[in-house]
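Asker: This structure is in structure tokens; I'll ask about it shortly.
The values are calculated or read from the model by the stated rules, or taken from the named source; none is laboratory data. Keep in mind that this is a model prediction, so the values were computed, not measured. Every residue, glycine among them, receives a Cβ derived from its backbone with ideal geometry; neighbour counts consider all protein chains shown. All accessible areas refer to the heavy atoms of the entire protein, side chains included, with ligands and DNA or RNA removed. Shrake-Rupley method; radii C 1.70, N 1.55, O 1.52, S 1.80 Å.
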Amino acid sequence: MASTEEDFPRGGKTKQTTESKAEPVRRHTEVDNLFESLKVGTLLLGCVKEVADLEVTINLPSGLLGYLNISNISDSYTKILSDHLDSASSEEIFSLASLFSPGMLVRCVVARLDTAKGGSVSIQLSINPKEVNKGLSTGSLKAGLILSGCVESIEDHGYLVDLGIKGTKAFLPKQAAKDKTNKLKVGQYVTSLLEEVKNDERVVRLSISPTAVAQAVADTAHGWTLTSLLPGLLVKAQIKKVTLHGLILEFLSSFTGLVDFMHLEPEQASTFNEGDNVKACVLYVEPSTRLVGLSLRSHLLQPGGDVDLVATERIGEVAHGCKMTALHHLSGAMLELPDQTVVFVHRNHMKEPMEAFNLNRVMAKPEHTCRIMDFSPMEQVHLVSLRTFQPWNSAFLVACVLTQFVLPLSQGTVTSLQNHGMMVKVTDYIRGLVPRTHLSDIILKNPEKQYAVGMIIKCRVLSVDPRAKKLTLTRKRALIDSSLPPFLTYEDARRGHVSHGFIVCVKDFGCIVCFYGKVKGLVPPNELSTEPVIVPENVFYVGQVVKAKVLNCDVKKEKLLLSFKAVAGGDTEGPPKPKFDFEVGKVRKWQHKVEVKVVSKFLTGLEVSILPEETTALLPMMHLSDHVSNCLLLWEGLQEGDIISNIVCLSKKKQTITLTKKPTLKSFLEEGGVVAKEFSDISVGVQLIGWVNNIMPYGVFVEFPYGLVGLAPKAAMSDKFVGDTAAHFQLGHTVVAKVTNLDEEKHRFLVSLKVSEVPSPERDGQARLIRGLQERKAVMEMMASRGDSDLLKQLSAVTIGQRMKMSVDEVREDGSVTFKSDELSAATVLATKDHAPGEYSLYVEAGSTHTATVHHADRDFAVISLGDTAQLTVIQTTNHLNETFRFDAEKLTAGKTLTITVTKSSCEELEGLPLVSWELAPPISKRLISNSKRSKGMYRYGDVVKGKVKTVKPTCVLVTLEDGSTGCVHVSEIQEVVCVGTFPTSLLKIGSEVTARVIGGREGNSHRNLKEDADVKPVKTKEKLKRYQVGDDVICFVSKVSLNKRKLKLSNLLYRMCETCLVVILAVLNVFFFLSTFQIGSLEKGHVIMGLVQKLDPNLGLLVKLPFSAMGTVAMEDLADKYKPKPLERYSKDQLVRCCIVGEAKSNWQLSLRSSRTNPEKASVVKDPEIVSLDDLSEGQIVRGYVRTVNAQGGTAENVSKKKTKKGKGEDSDSGVEVYFREEEEENKCEPAEVEKPVPVQPARLQVTGGFSWDAALSALKPASAALGGEDSSDGEDGEAQKKSHHVQEIEKREAEKALTKLETELMDPGLRPQTAASFERLLLGSPDSSLLWLQFMAFHLQATQIEQARAVAERALKTISFREEQEKLNVWVALLNLENLYGTEESLQKVFERAVQYCEPMPVYQQLADIYAKCQKTKEAEGLYKTMVKRFRQEKAVWLSYGTFLLQQGQSDAASALLQRAIKSLPNKDNVDLIAKFAQLEFRYGDVERGKAMLDRILTSYPKRTDLWSVFIDLMVKHGSQKEVRAVFDRVIHLSVAVKRIKFFFKRYLEYEKKSGTPESIQAVKDKALEYVESKGTEAAR
């Protein structure tokens, strides 16, 4: 093989020496086929593949795809688009489909490389002449050049073409463009020949004649450079070298180019020799790496031509037996299909997505199976992939086109929500759209509330457009669950057939109903309903799912005539009923098992016919086997026409019969197991066999025979923790369920799937193993018989125990040996080191125990070897039906060790292999004290174990033991001696090794208590509690701290989490201890305790909550040892404080927060010493205190005193200040009491109830005002006269207080109406915007017949009330209208009305005046005003209703009916129903009852789901109708197709009515109807 480094040398001038060529060649080898070398700015020749509305898909060399955006065509086309968006231009815009056609060759440049979410690169292209012809200049333009451009404008005699060369205009005469079939359009891409250059290269003339363009060849005279070289140019070249991977050519005398293997003609690839002259086409130019690619393919040697696109019928086809003809390790390989077609596979598709590329593995296979993925028009070759595909992916496109199916639950994932609908990911390459009208059975206003990105949903395909690559889906439940045959084509819509569809248009001529694909039909008006439908828009809506019957179908004209009426009337022609008796568990009552024939395959199962009747039935894929992995294999192996035996019936829903082949389910039904036929048969504790029907995040739904469905919540799914429900079970998984809970009302029940609660039948696992292996063998035989694979043929011919001749292929480092055999040429045989050549005993005895090693394991089965016997056998990976999830340490993987017990030494069903039972082998662990053997986690009391600290928590430490078990060490078991205030758990660090003793616990599987050892026995809790007595001091650990959410901070806490503290036991109640951290049993004077601040009072100080439910107060002077201006700032409610008890008064403790008392051991400076008695005071001593009260006689101040006393006056006796000491005062210290200057005497103040509260102690003091008053007295009265005068003053004060109290009480009574104008004025000062007060003021004047004063008040009110209070102003205007109507003239009323309309909303004013007229029996004026209103406010429904009420009250029923017709024409259609219903209610109240009944009946016939109107109708009929009529209405409403909860409401009303007005027989009849309804709904829900 020649060196690949010489295959692709770099472009440019050729060097003379071979040494200089080595480096360029190496560079070209690193960038093979553009797969790695594509960069922004690379020029390429592309072929148009698809044209969309805003984007063109272009095929590039090497099978790449690029995308041309509508904005990257040309500047002139972009300008037209912009002008059109701005509506500033009327120039015609041509779509991309009119500018480009599939197969067109275009020159393009890489504009940018975008990276998608998945990591793939999207190539964005541009054909803008400015970028494509960037390397050209005016000087390089010469006649004979092939240039590309876009039409810039259309002139009278030709076209201006944009070449992207500044300073040059290109003109294309119409005569030169006459060969074009269609007229050129602005923005159209053209490949043209430059015929003439004029005016110093400023004007050039072009031609697009195909003949001239095809004959033009690039010449050296044109002066080509690497920057000006363009793709698509035809050049004459000479072969410089022939390599295994292509050719190296020399062209234009100075350029070197590469021709890869894909651009050689297949029949001429071996005929090229060095020195031959060839004609080539430039494929791509990469200026930065000087890389030029060429092509010798004939379809590219015609510039400006089109490439033929091969039809895509073969895309998706699977080809077997493909042979590799050539391998190019940097690019891929060429394969030859059985029909001699040559295809290409890229190296990335020669491996699985997540695997590394292994060249040896690919080359070792003589034949390959590939799938055709696409067709590359540039190379005219199909692109294939060797990757394995899921079975349903392979048939997806075919299934979409031929049949409409329901997507599997695991395949529909919401990717985005948009205004027009929801995008759903079906596969990695297929997306579908759910239109907005198909998101639900009803139109959703807020779809984002029901759907979220990433949600897995169930959809049904509506239509598929392969050409446009559009897939339309629906989420309408009625369509998804429909059992009627779908109309996929007009041939399916045979006369008399019925199917579900959806309405796409509602017109006067009827409804247009659409089915699947493009099938749609018309329902004429006379076929819409059994009752006449006047306005179809009021009965039907777009998107509504309907059931339609085919009346006539013209397949050729594609016309379909449908009927709703025939379906509603029961005239349906459904599929024929089965001709045999049906019974679950059987197909016929006299036959348990039958054979079926496969009719067709679909993605979720098989359509079969039951033999010999050939009755159609459904066999879901999940019911092919108990093993989920076998279900997929059996589905893939079965083909149309195959016969399947041992089938039993599972359920029947409507006309669909569902079959099952699950062996466990069949044996359960045949052996007479417990089967619940209906909900009443289910009881708590019963054990049932079922299968997983649906998987949700909160649990799994399990379906049972007869259609019953139960829910297994996450907590009941497994004995292990369930994080992700999808990781535990798969759809179709067979399970054993135990009923745990029943909901009789809603007919729902819960089940448990825990292995510990639902024991598996004896030997069930072995039976499932045998059946599973037999199923796999049957699949292999089916596929081998069809010749799908040589490997399957060879394997099916080999039997266990057969002797074969093999040759050693390789001996590996691990001791294993690989062999090759002629009988198994397509397979590699492996013998592990335990099965290498040697002497072994192949016989094993039944009942013997061995240590086995796992060699291979998949989801359901594993291959193991039995110890030293070299015997192989197969086991199941699970021992129980419900055991699906294992931790990583429990999973069976290669190399895992098991303990097995031989059940049968030679099992015939396993072809002689031993049948064994197994369990995981226990890890090797040693006991330090007790020598008893145990499995993992089996410990006893007293065992000493070693481990490493895993987690450190405040109250415990988790330790990982040597065998992987986890133990917990409580904080109290860490240290022998614990110091108060420490944190024992902080002594241990994560990862440190510890030695511990087992003192308790339970087994992980059975939750049984650990076994007791003989020498160490646990101490029971009751015995521990007896050790403690009341009064004992105990060291405890804080386990929980409760914080107040608002104010209590962690920094204020006395103890932290898990801190040790010393407490005293106060009392013992059962197993609860009442503790105290103060080591005291009661509160006494001198105790220092903790308290919680309850209240802050600026006069009293702090109110503190104490232990033992006691309360205490802290005076202001006891808050601190020194004076502070604002002493309460430091405290807040719920704050913890340390306080000292200093005394007791009136059941409250007197407390002190002075640090000198709470912490006497700490010396602190006391600036303001505590004054306890008079002995603590001395004359002249300066003390600081807080002013308590100030009055005319003097002031009262507080100090740190604890005894009542008073201090005599100083020299300045008239200072008005007196220092007063009092015991009960608080500890807050205000500013020092300073001596004030003399103040003038003020008159005595009036003392009223509820006013100032003077201190009683002041009565003993001599008032300063009295002394001064004595001096001013001219009479010189004696003391007795003064006492009398004082007595009189007291009486006067009391009288004044009484009068003032009475006045205040009157003013505070809201219900007391003012009696004077002054009272109203005073109230209006406080509430000027209250219309109630103004109206009461007006009424006050009217009672006194003061009409003008009332008018004046109204005018004042209108001026005073704020303009924002519109309703308040309206109330005043209405009062004024009433006033003028009663006491004024018609002229004055009209003037007020006109003003009111001007200043208020007109309609309420009109309505109020009409009501005034009606109440006053002014019928003529009222009717005239109503006529004006319905003209002016015709869009207001309230006006029509008000007018209708007036007419009916006047007895004008005919006029009211005419008014209703006018209202229907004037109001929007959406208001018509409510309007008619309101008029019907008015007829019941004021008019003809029968007419009201008829109106409501017509509405409800057209709108049967308006349950609010049904409720109104029932109420009116109960009040005005007979019992027979009421019962008829109830019977209609309970048969509506509305939500169950609404029907439940009507049933309750029906029952209440019968209990009140009916008989016992009628009551029972209602109950029977309700029961029948519930049963029918339960059956539908189960389906």
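Asker: Can you list residues whose amide H is under 5 Å from L294's amide H, if they're 5+ apart or on another chain and H is modeled 1.01 Å from N?
Answerer: Amide H neighbours of L294, under 5 Å, 5+ apart: L258, V259, D260, L283.
Asker: Using a 1.4 Å probe and ignoring any ligands, DNA or RNA, find the accessible area of H420 and quote it in Å² to the nearest 10.
Answerer: Roughly 100 Å² of H420 is accessible to a 1.4 Å probe.
Asker: Taking H as built 1.01 Å from N, whose amide H comes closer than 5 Å to the amide H of L65, not counting residues under 5 places away?
Answerer: L60
Asker: Moving on to the next point. Apply the Karplus curve 6.51 cos²θ - 1.76 cosθ + 1.60, θ = phi - 60°, to the phi angles in the range 846-860 and return the couplings in whole Hz, x for Gly and Pro.
Answerer: 5, x, 6, 10, 9, 9, 10, 10, 7, 9, 8, 8, 10, 5, 10
Asker: Taking 35 Å as R0, compute the FRET efficiency from the Cβ-Cβ separation of D308 and E196 and round it to 0.05.
Answerer: Details: r = 34 Å, r/R0 = 0.96.
After rounding, the FRET efficiency stands at 0.55.
Asker: By average Cβ neighbour count within 10 Å, what is the ranking of 237-245, 195-203 from highest down? Don't skip to the end; give the middle numbers.
Answerer: Numbers: 237-245: 17.7, 195-203: 12.9.
Averaged packing, sorted descending, gives the order 237-245, 195-203.
Asker: Here is a follow-up. What's the magnitude of the charge dipole for the range 689-754 around its Cα centre, counting Lys and Arg as +1 and Asp and Glu as -1 at the beta-carbon? Answer in Debye, nearest 20.
Answerer: Working: 6 positive and 6 negative charges, 31 e Å.
Here the size comes out at about 160 debye.
Asker: Can you compute the FRET efficiency between V980 and L1174 using 1/(1 + (r/R0)^6), with r the Cβ-Cβ distance and R0 = 56 Å? Round to the nearest 0.05. It would help to have the intermediate numbers written out before the result.
Answerer: Details: r = 44 Å, r/R0 = 0.79.
E(calc), rounded to 0.05, equals 0.80.
Asker: Tell me whether the range 613-676 comes out rounded, prolate or oblate; compute the Cα gyration tensor, take square roots of the eigenvalues as a ≥ b ≥ c, and use a/c under 1.5 as the rounded threshold.
Answerer: Oblate, since a/c reaches 1.5 and b/c is not below a/b.
Asker: Report, in whole Å, the centroid distance computed from the Cα atoms of the range 802-818 and the range 1439-1512.
Answerer: About 94 Å separates the Cα centre of the range 802-818 from the one of the range 1439-1512.
Asker: Another one. Could you tell me the accessible area of M423 in Å² (1.4 Å probe, neighbours in place), rounded to the nearest ten?
Answerer: 50 Å²
Asker: Here are some pairs, K365/K469; K39/K236; K470/K666; K677/K714; K134/K279; which of them have Cα atoms lying more than 31 Å apart in this structure?
Answerer: Values: K365/K469 36 Å; K39/K236 27 Å; K470/K666 43 Å; K677/K714 26 Å; K134/K279 26 Å.
The answer is K365/K469; K470/K666.
Asker: At what distance in nm do the modelled label points of Q175 and Q450 sit from each other, each positioned 7 Å from its Cα along Cα→Cβ?
Answerer: 6.8 nm
Asker: Given labels modelled 7 Å from the Cα in the Cβ direction, how far is it in nm from Q1564 to R1462?
Answerer: That separation, rounded to one decimal, is 5.7 nm.
Asker: Pop out the ³J(HN,Hα) list for the range 1377-1392 in order, Karplus 6.51 cos²θ - 1.76 cosθ + 1.60 with θ = phi - 60°, rounded to Hz; leave Gly and Pro as x.
Answerer: Calculated HN-Hα couplings, in order: 5, 4, 4, 5, 5, 8, 10, x, 10, 5, 5, 5, 5, 5, 5, 5 Hz.
Asker: So which of K547/K1544; K1359/K1415; K1544/K1569 end up more than 21 Å apart by C-alpha?
Answerer: Cα-Cα > 21 Å for K547/K1544; K1359/K1415; rest within.
Asker: Given points 7 Å out from each Cα along the Cα-Cβ axis, report the Q802 to R1322 separation in nanometres with one decimal.
Answerer: If labels sit at Q802 and R1322, their model points lie 11.9 nm apart.
Asker: OK, next. Would you mind checking K662/K891; K445/K559; K351/K896; K458/K557; K1493/K1556 for any pair whose Cα atoms are more than 32 angstrom apart? Present the calculation step by step, with values, prior to reporting the outcome.
Answerer: Details: K662/K891 26 Å; K445/K559 34 Å; K351/K896 29 Å; K458/K557 35 Å; K1493/K1556 23 Å.
From K662/K891; K445/K559; K351/K896; K458/K557; K1493/K1556, over 32 Å: K445/K559; K458/K557.
Asker: Then there is this: Within the range 938-969, find all residues whose amide N lies under 15 Å from a label point positioned 7 Å from the Cα of L988 along Cα-to-beta-carbon.
Answerer: Residues 944-962, 965-969 fall inside that zone.
Asker: When the chain is fully extended, how far beyond the present Cα-Cα distance does S821 get from E744, taking 0.36 nm per residue of separation?
Answerer: Working: separation 77, 0.36 × 77 = 27.72 nm, distance 6.64 nm.
Computed gain between S821 and E744 is 21.1 nm.
Asker: Once fully extended, how much extra length lies between T325 and E352, figured as 0.36 nm per residue of separation less the alpha-carbon to alpha-carbon distance? Could the numbers behind the result be given before it?
Answerer: Details: separation 27, 0.36 × 27 = 9.72 nm, distance 2.13 nm.
Fully extending the segment from T325 to E352 adds 7.6 nm.
Asker: Run the accessible area of the range 1364-1445 with a 1.4 Å probe and give the carbon-and-sulfur part as a rounded percent. Intermediate results must be reported in sequence, preceding the final value.
Answerer: Values: 2110 of 4480 Å².
Here carbon and sulfur together make up 47 percent of the probe-accessible area.
Asker: For L160 and E491, what is the calculated FRET efficiency with R₀ set at 60 Å and r taken between the beta-carbons, to the nearest 0.05? It would help to have the intermediate numbers written out before the result.
Answerer: Working: r = 54 Å, r/R0 = 0.90.
Once rounded, the FRET efficiency stands at 0.65.
Asker: Report the full-extension gain for the segment H1087 to K1124: residue separation times 0.36 nm, less the Cα-Cα distance, to one decimal in nm. Could the numbers behind the result be given before it?
Answerer: Working: separation 37, 0.36 × 37 = 13.32 nm, distance 2.57 nm.
Computed gain between H1087 and K1124 is 10.8 nm.
Asker: For the range 1447-1517, rounded, prolate or oblate, judged on the Cα gyration tensor with a ≥ b ≥ c (square roots of eigenvalues), a/c < 1.5 rounded, else prolate if a/b > b/c? Walk me through the intermediate numbers first.
Answerer: Working: a/c = 2.28, a/b = 1.17, b/c = 1.95.
Cα axes put the range 1447-1517 in the oblate bin.
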